[in-house]
1. If you go through the stretch 1-20, how many residues are open to solvent by less than 70 Å² (accessible area, probe 1.4 Å) and either outside any helix (DSSP H, G or I) or touching a strand residue (DSSP E or B) at 6+ places or on another chain (Cβ under 6 Å) (or both)?
2. Yes or no: residue 50 touching a strand residue (DSSP E or B) at 6+ places or on another chain (Cβ under 6 Å), charged (D, E, K, R) and either open to solvent by less than 80 Å² (accessible area, probe 1.4 Å) or on the phi > 0 side of the Ramachandran plot (or both)?
3. State whether the residues of the stretch 96-105 include one that is open to solvent by less than 70 Å² (accessible area, probe 1.4 Å), at negative phi and of a type in the set (Lys, Arg).
4. Give me the residue from the stretch 64-79 that is among the charged types (D, E, K, R) and in a strand (DSSP E or B) and, out of that set, least open to solvent (accessible area, probe 1.4 Å).
Amino acid sequence: VKQLCTLLAAILNESRSGITDNDVIEHVFLFCLIWSVGGTLLESSRMKFDEFIKNLSGKLLPSSALYENFYDVEQMKWVPWNQLVAEYTPPADGKFSKILVPTVDT
């Protein structure tokens with residue numbers, strides 16, 4: 001529960017204090033719930049939790065798993081994580097120590 005509150009506070013910070021739309025607040029809450037309570041689940045349980053949240057909410061949510069999406073407060077819509085990950089370009093010198101591959105999990 002502490003992690004849920006921390007995520008909510010981070011997303012709905014003072015710079016976004018003007019957000020009063022209940023739909024936006026509920027979508028942010030669902031995003032935080034998925035990544036706080038549901039973030040500790042194993043892959044097999046995540047799909048069950050995803051279905052449970054979608055059935056419970058009654059909101060228009062992505063057809064793909066909620067774990068594969070990010071709720072963008074500015075755009076007020078769910079965005080797939082893979083749209084936020086930059087295309088990978090390996091370092092020119094090819095040194096292993098300089099390689100960092102961005103993924104949807106990092």
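The values are calculated or read from the model by the stated rules, or taken from the named source; none is laboratory data. Given the structure is predicted, the values throughout are model-derived calculations rather than measurements. Here the Cβ is made from the backbone with ideal geometry for all residues, glycine too, and neighbour counts use every protein chain on show. Side chains included, ligands, DNA and RNA excluded: accessible areas come from the protein's heavy atoms. Shrake-Rupley method; radii C 1.70, N 1.55, O 1.52, S 1.80 Å.
1. Summing the residues that are open to solvent by less than 70 Å² (accessible area, probe 1.4 Å) and either outside any helix (DSSP H, G or I) or touching a strand residue (DSSP E or B) at 6+ places or on another chain (Cβ under 6 Å) (or both) in the stretch 1-20 gives 4.
2. Criteria not met by residue 50.
3. No - not one qualifying residue is present in the stretch 96-105.
4. 72
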